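This report concerns only the one structure given below.
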Amino acid sequence: MRKLFLLPHTHWDREWYLPFEAFRSQLLAVVRQVLDRLDHGELPFFYLDGQSVIFEDLLEIDPSLAPRLSRHMQDGRLLSGPWYVLGDQMLVSGESLIRNLKLGIALTVQFGKPCPVGYCPDTFGHSQDLPRILAGFGIESALVWRGVPYLEMGPLFWWLSPDGSRVLTYHLSRGYYQSAIHEMEDSEGGIAAAADWLAGWVGLGGDKKELPASYYPTIEGALVPCGGDHIGSPPNLNRTIKQINKHFEETGVDALVIPSKLDEFLADVRAAASSKLTVVSRIEGELLSNVAAEFWERAYLLYGVLSSRLYLKQANRLAQQRLSDHLEPAFTMLSLFLGFDYPEKELERAWKLLLKNHPHDSICGCSIDSVHKEMMSRFAGVMSLLTSLENKAILFCAGGGQESLISPFDPDFGADRLSILNFSGQTSQGPFYHKWMELPGSKELEQSDRLQIISRRPCDQLFSGWGTVPYYKDVEIVEGFVFPDPIPPFSARSLRWPLLADSKQARSQIKGGLEASADDIRSSRAATGKSLPASIPSDKDSFYNLAQVTERKVLSNGLLTLSVEGDGTVAVESRLPGQKARLFRLGHILADVGDGGDTYNFDPLPDDQPITAQLTGVQVGKGGPLVASLLLTYRLSIPEAV
């Protein structure tokens with residue numbers, strides 16, 4: 001008897017060829033239909049695509065659905081999780097995948113038990129570290145479709161990360177989108193056609209000469225998804241299953257349809273694979289192969305999305321880095337050592353906003369324009385929230401409270417030190433970017449080999465927030481770079497501020513500040529009874545080279561010298577101490593080629609002739625002494641149309 005393990009499900013893209021709100025209105029209708037069919041015993045159970053954000057999307061509009069969702073989740077008839085969203089894995093950070101699981105599990109348990117499966121039905125490629133991440137949450141199984149090479153021993157394989165972590169992974173060899181039962185006619189002929197289609201999954205329908213890729217001998221059957229993009233359950237599925245099984249029995253077909261929850265199915269697969277003399281394929285690293293894509297029901301990886309709408313990728317990288325690499329570690333240090341109130345709920349909100357931009361059709365840039373405009377609004381929301389939290393931390397470190405009448409950013413606040421936190425595990429050295437405000441016409445801060453001012457602009461600045469009564473003041477907003485001595489891991493350095501214009505005085509001033517760096521911050525928060533870890537004083541000046549731009553518009557810092565030749569070629573000469581000079585010609589060619597307009601992949605034109613940009617000018621950007629740059633201007637003539 002060959003078994004057809006049937007999984008009723010939906011695949012839900014929050015946004016794609018329609019914007020989020022349009023799809024959400026459809027989601028409400030689909031879930032209400034599913035709940036009704038569960039209430040009336042028409043459905044055995046239903047899987048909500050492995051992403052718990054669906055609950056938030058639903059309940060924001062119709063909170064009355066919460067008791068019904070919870071009841072069916074707790075009864076095991078509605079399944080969800082473990083993800084918060086079905087995120088892309090190649091364009092987001094590993095930390096975001098971890099938070100995706102963490103937040104998804106936390107949200108799902110508010111309604112019932114999360115489905116403990118690494119469910120990834122339509123992702124455009126899979127990270128080599130996903131087994132490691134799943135194993136870290138105690139998840140032992142995964143399910144994937146795209147990017148899998150040929151499998152010789154059925155749709156099951158051990159998937160290994162570089163560290164040796166592994167998950168037993170089931171391959172959806174025929175994809176997740178299967179709507180044959182949804183489209184079945186409610187007649188004897190319709191039942192017969194559906195039965196014949198199902199039998200083909202286990203080698204009993206049509207050509208019986210060889211077993212299909214979907215059949216796995218160890219379990220004597222195949223997993224058959226029953227669902228697709230933005231659709232609910234078939235009507236009267238319980239009755240249809242009984243009719244199909246009756247048809248198999250009457251026609252002598254040795255097959256049986258068994259409704260199967262995904263976690264229970266994979267647990268049975270794991271038990272069967274381990275209890276029999278079964279050899280299971282092994283795949284190490286990324287799942288990024290298109291070799292077998294056509295064989296796997298056109299399961300192509302869409303490489304063009306890696307570079308489509310690059311502004312989305314850039315905004316995502318900046319938001320991820322600021323959230324997980326900068327502010328969370330900084331807030332942690334301030335909380336541990338100074339008693340700062342860690343903004344846990346606000347940061348969770350920032351993560352959720354960010355993760356809502358991580359589904360593949362979103363971050364891959366392959367949706368309609370209105371979708372990506374909404375994404376940029378979410379990215380802006382993340383950054384605005386983080387800026388507000390950062391300002392709160394600065395106010396706290398400056399000794400101000402919510403009743404403060406003057407902002408610590410106001411030049412009249414009287415700031416007397418600049419504190420720099422190093423929340424990496426390595427010693428760090430600048431130059432560090434810094435932005436501050438001065439009173440108009442102030443000359444207190446001038447350029448030195450420890451301070452490089454790159455811009456000044458007048459502004460009628462509004463000072464507000466965190467309890468300060470809003471007020472305006474004319475100031476100059478100043479941007480520049482500061483170069484302290486090396487900062488040890490997980491510690492702070494404080495520089496007396498403002499830095500003096502004279503180099504020797506500035507060096508002496510900084511050196512004095514370094515030896516009391518922890519005290520500088522500690523003194524402003526003495527009431528907390530806690531302190532930052534002390535920095536390691538430097539006994540001698542650290543080695544660094546000043547950057548400069550020569551009259552011939554050549555960049556140099558004593559170790560590397562960069563020049564631009566007439567044809568636009570960038571040449572770099574390396575002169576490391578004790579080594580022979582080496583010359584590198586880096587090219588730097590900008591070219592445009594025709595693209596037919598496919599939103600998923602590069603669509604080359606036949607007989608296309610690339611158009612190359614011509615260098616028209618070289619200007620000095622930043623002039624040193626800490627940071628120097630050249631601005632290269634090119635001319636590129638692009639046709640009006642393909």
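The values are calculated or read from the model by the stated rules, or taken from the named source; none is laboratory data. Worth saying up front: this structure is predicted, and the values here are computed from it rather than measured. Here the Cβ is made from the backbone with ideal geometry for all residues, glycine too, and neighbour counts use every protein chain on show. What goes into the accessible areas is simple: the full protein's heavy atoms, side chains included, and nothing from ligands, DNA or RNA. Shrake-Rupley method; radii C 1.70, N 1.55, O 1.52, S 1.80 Å.
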Could you please give the count of residues in segment 457-476 that are at pLDDT 85 or above and surrounded by 15 or more Cβ atoms within 10 Å (Cβ to Cβ)? 5
How about segment 104-134: which of its residues are of a type in the set (Val, Ile, Thr), open to solvent by less than 10 Å² (accessible area, probe 1.4 Å) and within 23 Å of Leu69 (Cα to Cα)? Thr108, Val117
Selection count where residues are closer than 17 Å to Leu262 by Cα and touching an Asp or Glu at 6+ places or on another chain (Cβ under 7 Å), scope segment 91-121: 3
Taking segment 613-637 on its own, how many of its residues are in contact with a Ser or Thr (Cβ under 6 Å, 6 or more places away or on another chain) and free of Cβ contacts under 8 Å to residues at least 24 places away in the same chain? 5
Within segment 415-424, can one find any residue that is open to solvent by 50 Å² or more (accessible area, probe 1.4 Å), under 27 Å from Pro470 (Cα atoms) and not in a strand (DSSP E or B)? yes
Can you find a residue that is of a type in the set (Ser, Thr, Tyr), at pLDDT 95 or above, under 27 Å from Val291 (Cβ atoms) and open to solvent by less than 40 Å² (accessible area, probe 1.4 Å) anywhere in segment 135-148? yes
Considering segment 213-232, residues that are touching a strand residue (DSSP E or B) at 6+ places or on another chain (Cβ under 8 Å) and more than 30 Å from Trp16 (Cβ to Cβ), and then whichever is modelled with the lowest pLDDT, we arrive at Thr218
Kindly list the number of the only condition in (1) within 19 Å of Leu262 (Cα to Cα); (2) touching a residue at least 40 places away in the same chain (Cβ under 8 Å) that fails for Arg14. (1)
Kindly establish whether Ser70 is at pLDDT 95 or above, open to solvent by less than 40 Å² (accessible area, probe 1.4 Å) and within 22 Å of the chain's Cα centre (by Cα). no
State which residue is farthest from Met376 (Cα to Cα) when the search covers only segment 1-60 and only residues that are open to solvent by less than 40 Å² (accessible area, probe 1.4 Å) and acidic (Asp, Glu). Asp49
Being under 17 Å from Arg298 (Cβ atoms) and open to solvent by less than 40 Å² (accessible area, probe 1.4 Å) is the filter here; which residues of segment 155-177 pass it? Pro155, His171, Leu172, Ser173, Gly175, Tyr176
Could you tell me whether any residue of segment 447-462 is in contact with a helix residue (DSSP H, G or I) (Cβ under 7 Å, 6 or more places away or on another chain) and of a type in the set (Gly, Ala, Ser)? yes
Tally the residues that are outside any strand (DSSP E or B), modelled with pLDDT of 85 or more and buried (at least 23 other Cβ atoms within 10 Å of the Cβ), restricting the search to segment 484-512. 2
When segment 613-640 is examined, which residues are found to be in a strand (DSSP E or B), within 21 Å of Leu310 (Cβ to Cβ) and open to solvent by 70 Å² or more (accessible area, probe 1.4 Å)? Leu631
Tally of residues being exposed (fewer than 10 other Cβ atoms within 10 Å of the Cβ) and in a strand (DSSP E or B) across segment 589-612: 1
Selection count, segment 204-217, where residues are open to solvent by less than 20 Å² (accessible area, probe 1.4 Å) and farther than 26 Å from Glu188 by Cα: 2
For segment 572-583, which residues satisfy the criterion of being of a type outside the set (Gly, Ala, Ser) and open to solvent by 80 Å² or more (accessible area, probe 1.4 Å)? Arg575, Pro577, Gln579, Lys580, Arg582, Leu583
Where the second residue is among the β-branched types (Val, Ile, Thr) and the first is modelled with pLDDT under 95 and lies in segment 75-103, which pairs have Cβ atoms under 6 Å and are six or more apart or on separate chains? Gly81/Thr108
Does segment 396-403 contain any residue that is in contact with a Gly (Cβ under 8 Å, 6 or more places away or on another chain) and open to solvent by 60 Å² or more (accessible area, probe 1.4 Å)? yes
Taking Glu220, is it in contact (Cβ under 8 Å) with a residue 40 or more places away in the chain and either over 28 Å from Phe124 (Cβ atoms) or over 34 Å from the mean Cα position of the chain (by Cα) (or both)? yes
Look at segment 343-367 and say how many of its residues are basic (Lys, Arg), touching a residue at least 12 places away in the same chain (Cβ under 8 Å) and surrounded by fewer than 20 Cβ atoms within 10 Å (Cβ to Cβ). 2
So is Ala180 modelled with pLDDT under 95, hydrophobic (A, V, I, L, M, F, W, C), open to solvent by 30 Å² or more (accessible area, probe 1.4 Å) and in a loop (DSSP other than H, G, I, E, B) or not? no
Options Glu152, Glu95; residue that is within 20 Å of Leu353 (Cα to Cα), of a type in the set (Asp, Glu) and either out of contact with any helix residue (DSSP H, G or I) (no Cβ under 8 Å at 6 or more places or on another chain) or open to solvent by 20 Å² or more (accessible area, probe 1.4 Å) (or both): Glu95
